[in-house]
Amino acid sequence: MRILVTGGAGYIGSHTLIQLLREGHNVLVYDNYSNSSPEALNRVKQIANADFNVCEGDIQDAGKLNEAFGSFRPEAVMHFAGLKAVGESNEKPLEYYAQNVSGSIELLKVMQRHECRRIVFSSSATVYGNAKYLPYDEHHPMQPTNPYGRTKYFVEEIIRDWTASWGEASAILLRYFNPVGADPSGRIGEDPNGMPNNLVPYISQVAVGRLKHLKIFGADYETRDGTGERDYIHVEDLARAHLAAIEFSEATTGCEAINVGTGGGATVFEMIKAFEHASGQVVPYEIGPRRDGDVARSLAAVDKAERLLGWRAKLSVADMCKTTWNWQSNNPYGYGSK
Ligand code: NAD
Ligand code: WQD
């Protein structure tokens, strides 16, 4: 199948590409490299031993998108492109609405113009907001608590309206929980710009000696050890979920939101321990105050993914830590250099 992948050079996109290529799909990556490196794509080609097309462009650039669709004629789109930092979205909400919401609208318009009727969209568990009950199922009310989360919520609603207006259209909104881990080759992985915002990249930069210690954001939550609990999902499992979703969309019309998690959770202390075990390194930490906007626990209900997509997560927290360490220790400065 011909699949156009927006944001394919990024963390989750690059891991998904490997599996798309292994399945023999024909791919065009459309990325502006605002948060990624073309080097990730070179490495994907080597790992998968396969080639694909690349177009450097912004999803807000309707002309460029139109050209890419005209020449590649995709049958489906995987839409990863967007901005994703919660804290930054509080400071630059308009930038987040422009890139994530306006950019997605441009993409949908061009899709329709070229009669491309299938999309898999990268949504987030952050659309749910504070838990009314756990685990979050797909019917949980959606009350995102920051501009980033609201962009995901609005794009979901826009895509839902778009599919309702075009009987042949099919959309899968994948609500990722906490993606971590890396390809087992150790050649691609998460490479955040500047200070990492998320727990696992932070821990791995401490373990490799780039950062001095981890600051734990609160140890007074109502969880088994007082630290925040999350449903971490291996990026390789997440990539497989995209393949299952694109297959599902071939046979269906309409719009489905589907959680992508494991159904189980790990606390910050448990993640530190697992990472120390996987890396053989000590991860020094300090306990600080809670981070604004954080919830105590986040866990996915995963039966819908299993029922509709026949997909379930296979990899463990130990696998997530082992592959993260393999990537970080082989590439201490990610795709760049010190
Ligand atoms: P990432 O930043 O590594 O990848 C995003 C890619 O999109 C990058 O290559 C970036 O250069 C590109 N991009 C950004 N804006 C663009 C634009 N306007 N035009 C073209 N390309 C653009 O992020 P990721 O972790 O791989 O996340 C992928 C998607 O999944 C995002 O939409 C993100 O919001 C969503 N998501 C991520 C997580 C997570 O924890 N990583 C969780 C839930 C949802
Ligand atoms: C996990 C746990 C922190 C960093 C975020 C986004 C969400 C989604 C995934 C995109 C929490 C604790 C963290 C640190 C810490 N992204 N922590 N010290 O907050 O669950 O979700 O990423 O859609 O939208 O909000 O993930 O990795 O930041 O935090 O103690 O330096 O680790 O308090 O309990 P989060 P996270």
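A few comments on the model shown:
- Residue check: G209 meets all listed conditions (1) surrounded by fewer than 22 Cβ atoms within 10 Å (Cβ to Cβ); (2) within 11 Å of ligand 2 (Cβ to nearest atom) but one, namely (2).
- Any helices (runs of 4 or more DSSP H) falling wholly within the range 93-191 and containing at least 1 residues that are touching a Cys at 6+ places or on another chain (Cβ under 9 Å) and away from ligand 1 (no atom under 16 Å from the Cβ): 147-165
- Between E286, E256, the distinction of being among the acidic types (D, E), more than 16 Å from ligand 1 (Cβ to nearest atom) and buried (at least 16 other Cβ atoms within 10 Å of the Cβ) belongs to E256 only.
- Among (1) closer than 30 Å to L41 by Cβ; (2) at pLDDT below 95; (3) not basic (K, R), the one test that D292 misses: (1)
- Some residue of the range 121-128 being closer than 23 Å to L20 by Cα, in contact (Cβ under 8 Å) with a residue 40 or more places away in the chain, open to solvent by less than 60 Å² (accessible area, probe 1.4 Å) and in contact with an Asp or Glu (Cβ under 7 Å, 6 or more places away or on another chain): yes
- Test: residue in the range 15-37 that is open to solvent by 10 Å² or more (accessible area, probe 1.4 Å), of a type outside the set (S, T, Y) and more than 28 Å from A169 (Cβ to Cβ): yes
- Matching residues in the range 1-24 - criterion: being closer than 22 Å to K64 by Cβ and without any contact (Cβ under 8 Å) to a residue 60 or more places away in the chain: A9, L17
- Positions within the range 29-44 being in contact (Cβ under 8 Å) with a residue 12 or more places away in the chain and not hydroxyl-bearing (S, T, Y), in sequence order: V29, D31, N32, N35, P38, E39, A40, L41, R43, V44
- Those residues of the range 154-191 which are in contact with a Gly (Cβ under 7 Å, 6 or more places away or on another chain) and hydrophobic (A, V, I, L, M, F, W, C), in sequence order: F177, A182
The values are calculated or read from the model by the stated rules, or taken from the named source; none is laboratory data. Source: prediction; values computed, not measured. Methodologically, a virtual Cβ is constructed for each residue, glycine included, from the backbone with ideal geometry; neighbour enumeration extends over all protein chains shown. Quick note on the areas: whole protein, heavy atoms, side chains included, nothing else; ligands and nucleic acids left out. Shrake-Rupley method; radii C 1.70, N 1.55, O 1.52, S 1.80 Å.
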